Amino acid sequence: MWKNHLIPRSLVIEGLYTAFSQCLEPGYVFRGETHDFAELVLVKTGRIGVPAGSESFEISAGGAVYHPPMEFHSLCNAASAESEIFVFTFSTSKSPIFSPRVFSFTQEHLAKAEGTLALLREATGKKAGNAAAKILPDKERKAQCAVLKLEELLLTLTPESGKPTAGEGSGLRNYRRALSVMSEKLNEPLDTR
């Protein structure tokens, strides 16, 4: 008699919010955001600065960073030339704690990221911009393959030491100051004046 051996899944992506690649001009700054879903940013070329939570990272080509839900994060192009990134934002019903959350990736991983984007473009009909959109009729299998490819990408990235960069940017300093003020005022009544 054969016995069924269940395979535990440590990561289950339920849906996608965004999936795109973007070229960042020298001096580009994204001021930041917080959202209730996860995000993966891969650097194809160049170098980016990433204040994330209470840390700040510098990620070069071949590197990636994972942002858990509700973490404030921003980024800037830290290179003197154009930097190209891939961004995937997604909801999960199950996710491991990625620690460290800075990764290096290979050409095989890059091909998975490009393949994920290509499959999503086929499944949604979106030729440019955000490929995460309503799935076209009869394209559900392509979309599912894209999500599985993204799960495989996440599960096979190589963790880096993840040490924050020595220098803090003004975004990180401002974020820490805001946290400090909120912590100090937490038990005070709300003043709407």
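The values are calculated or read from the model by the stated rules, or taken from the named source; none is laboratory data. Bear in mind that the values here come from a model prediction, so they are computed numbers and not experimental data. As a convention, Cβ positions derive from the backbone with ideal geometry for all residues, glycine included, and neighbour counts pool all protein chains shown. Calculation scope for accessible area: heavy atoms of the full protein, side chains included, ligands and nucleic acids excluded. Shrake-Rupley method; radii C 1.70, N 1.55, O 1.52, S 1.80 Å.
So the values come out like this:
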quantity	calculated
Scan of the stretch 94-139 for residues that are on the phi > 0 side of the Ramachandran plot and either assigned to a helix (DSSP H, G or I) or under 18 Å from the mean Cα position of the chain (by Cα) (or both), ordered by number	Gly129
Test: residue in the stretch 44-61 that is within 22 Å of Ala128 (Cα to Cα), in contact (Cβ under 8 Å) with a residue 60 or more places away in the chain and of a type in the set (A, V, I, L, M, F, W, C)	no
Test: residue in the stretch 141-152 that is surrounded by fewer than 14 Cβ atoms within 10 Å (Cβ to Cβ), at pLDDT 90 or above, aliphatic (A, V, I, L, M) and out of contact with any Leu (no Cβ under 6 Å at 6 or more places or on another chain)	yes
When residues of the stretch 71-93 are limited to those that are of a type in the set (A, V, I, L, M, F, W, C) and in a strand (DSSP E or B), the one surrounded by the most Cβ atoms within 10 Å (Cβ to Cβ)	Phe88
So Leu110, is it more than 19 Å from Val29 (Cα to Cα), touching a Phe, Trp or Tyr at 6+ places or on another chain (Cβ under 6 Å) and open to solvent by less than 20 Å² (accessible area, probe 1.4 Å)	no
Residue in the stretch 12-29 that is buried (at least 17 other Cβ atoms within 10 Å of the Cβ), in contact with an Asp or Glu (Cβ under 6 Å, 6 or more places away or on another chain) and more than 17 Å from Cys76 (Cα to Cα) present	yes
Every residue from the stretch 30-50 that is among the charged types (D, E, K, R) and crowded, with 16+ Cβ neighbours inside 10 Å	Glu39, Lys44, Arg47
